[in-house]
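**Student:** The structure follows.
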Amino acid sequence: MAKQNAITMETKIEQVLPMDKIVDKTLKKTHTIEVNNAKVWYDDFMAIQGIDMVIKPNTVTAFIGPSGCGKSTFLRLFNRMNDYVEGFKMEGKINVNGRNIYKNKVQVEELRKEIGMVFQKPNPFPKSIFENVAYGLKIQGIKDKKLIAKRVEKALKQADLWEDVKDKLKKSALALSGGQQQRLCIARTLAVEPSIILMDEPTSALDPISTSKIEELIFELKEKYTIIIVTHNMQQASRISDYTAFFYLGKLIEFDKTKKIFTNPEKQQTENYITGRFG
């Protein structure tokens, strides 16, 4: 029942909680994430079983593992998305740039200025292309039209979408292709200039060409952002990530440089998974 609650809440969160809201102009771009003995329960079900991890800034880290292994739950700890899931309880520490984000005095809204999120399925708002990207800036209270326009253009260029849409910014975002919609959602996140971007299977609903464009974009973005991606695609993880973490049944089995994970893993369980023997 607890697992079902977590799944049903995921859709609700995506609809009501845009992660790309706000940004602090003085925000540093070199955030390190440190996880110390993180444990997660949904009621009596233990989803994460004591994980330690350090994620370096300006890298791409891939989380891999079979469905239900805890990788998405773990990803959502970093921006406290799981707080909204019924029965959620967490123990341990997660430090972002030296600050424990699970302390009571931490304002979750402020945390989400630093950490943006791109979901599995493109979720553009039923607004114009321009309004989609400008949404977070306006929520923040920015009223300077020139500044908003500048940030929208910059974000669309970063997401490699500007040339496709620069002459139709007033048209509905829903008219874009699936791949374009996902790049629009990435632009919406980039417009508010986070330091960390979480991606939960961002290409699973896309065709191969669109997937390739998103992967190229991720590779380019790591120069300015720390990116963490959940993926079921082994080839994708090996292509785009610097580090890979393999999860199984709520445990972190192995975490190392991607090249080592895919060519010479320490654990037999890791090798069995990446070679397709299970999962």
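**Student:** Does at least one position in segment 46-67 carry a residue that is farther than 30 Å from Ser238 by Cα and not in a loop (DSSP other than H, G, I, E, B)?
**Tutor:** No: segment 46-67 contains no residue that is farther than 30 Å from Ser238 by Cα and not in a loop (DSSP other than H, G, I, E, B).
**Student:** Output yes when any residue across segment 73-85 is modelled with pLDDT of 95 or more, among the polar types (S, T, N, Q), under 26 Å from Lys251 (Cβ atoms) and surrounded by fewer than 21 Cβ atoms within 10 Å (Cβ to Cβ), and no when none is.
**Tutor:** No: zero hits.
**Student:** Which one is surrounded by the fewest Cβ atoms within 10 Å (Cβ to Cβ) among residues in segment 101-122 that are more than 12 Å from the chain's Cα centre (by Cα), of a type in the set (A, V, I, L, M, F, W, C) and in a loop (DSSP other than H, G, I, E, B)?
**Tutor:** Applying the filter and picking the extreme gives Val106.
**Student:** Which of the residues spanning segment 225-245 are among the aromatic types (Phe, Trp, Tyr) and in contact with a Pro (Cβ under 8 Å, 6 or more places away or on another chain)?
**Tutor:** Tyr225
**Student:** Give the residues of segment 35-73 that are hydroxyl-bearing (Ser, Thr, Tyr) and more than 20 Å from the chain's Cα centre (by Cα), sorted by residue number.
**Tutor:** Matches in segment 35-73: Tyr42 only.
**Student:** Quick check, is Ile64 in contact with a helix residue (DSSP H, G or I) (Cβ under 6 Å, 6 or more places away or on another chain), at pLDDT 90 or above, hydrophobic (A, V, I, L, M, F, W, C) and closer than 16 Å to Leu249 by Cα?
**Tutor:** Spelling it out, Ile64 is indeed in contact with a helix residue (DSSP H, G or I) (Cβ under 6 Å, 6 or more places away or on another chain), at pLDDT 90 or above, hydrophobic (A, V, I, L, M, F, W, C) and closer than 16 Å to Leu249 by Cα.
**Student:** Another question, if that's okay. Among Arg112, Arg99, Arg76, which is the only one that is at negative phi, free of Cβ contacts under 8 Å to residues at least 40 places away in the same chain and of a type in the set (D, E, K, R)?
**Tutor:** None of the others qualify; the one that does is Arg99.
**Student:** Okay, moving on. Considering each residue of segment 150-173, count those that are exposed (fewer than 14 other Cβ atoms within 10 Å of the Cβ) and either part of a helix (DSSP H, G or I) or touching a Lys or Arg at 6+ places or on another chain (Cβ under 8 Å) (or both), and give that number.
**Tutor:** 2
**Student:** Given the residues Ala175, Ala191, Ala149, which is the only one that is of a type in the set (A, V, I, L, M, F, W, C) and within 27 Å of Thr61 (Cα to Cα)?
**Tutor:** Ala191
**Student:** Tell me which residues, restricted to segment 200-215, are of a type outside the set (Ser, Thr, Tyr) and touching a residue at least 12 places away in the same chain (Cβ under 8 Å).
**Tutor:** Within segment 200-215, Asp200, Glu201, Pro202, Ala205, Leu206, Asp207, Ile209, Lys213, Ile214, Glu215 qualify.
**Student:** Here are the criteria: (1) at pLDDT 95 or above; (2) in contact with a Cys (Cβ under 6 Å, 6 or more places away or on another chain). Tell me which single one Leu147 does not satisfy.
**Tutor:** Going through the list (1) at pLDDT 95 or above; (2) in contact with a Cys (Cβ under 6 Å, 6 or more places away or on another chain), Leu147 breaks only (2).
**Student:** Hey, another quick one. Answer yes or no as to whether Ser210 is at pLDDT below 95, of a type in the set (Gly, Ala, Ser) and in contact with a helix residue (DSSP H, G or I) (Cβ under 9 Å, 6 or more places away or on another chain).
**Tutor:** In short, yes.
**Student:** I would also like to ask the following. Just checking: which of the strands (runs of 3 or more DSSP E) contained wholly in segment 207-279 hold 3 or more residues that are surrounded by 22 or more Cβ atoms within 10 Å (Cβ to Cβ)?
**Tutor:** It comes to 226-230, 243-248.
Rundown of residues vs (1) touching a residue at least 60 places away in the same chain (Cβ under 8 Å); (2) small (Gly, Ala, Ser); (3) in contact with a helix residue (DSSP H, G or I) (Cβ under 6 Å, 6 or more places away or on another chain), yes/no style:
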{"position": "Leu217", "(1), (2), (3)": "no, no, no"}
{"position": "Leu221", "(1), (2), (3)": "yes, no, no"}
{"position": "Asn233", "(1), (2), (3)": "no, no, no"}
{"position": "Ala245", "(1), (2), (3)": "yes, yes, no"}
{"position": "Tyr248", "(1), (2), (3)": "yes, no, no"}
{"position": "Lys251", "(1), (2), (3)": "yes, no, no"}
{"position": "Lys257", "(1), (2), (3)": "no, no, no"}
{"position": "Lys260", "(1), (2), (3)": "no, no, no"}
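The values are calculated or read from the model by the stated rules, or taken from the named source; none is laboratory data. Note that the coordinates shown come from a computational prediction; the quantities given were computed from them, not determined experimentally. Please note: Cβ atoms are built from the backbone with ideal geometry, for glycine as well, and neighbour counts cover all protein chains shown.
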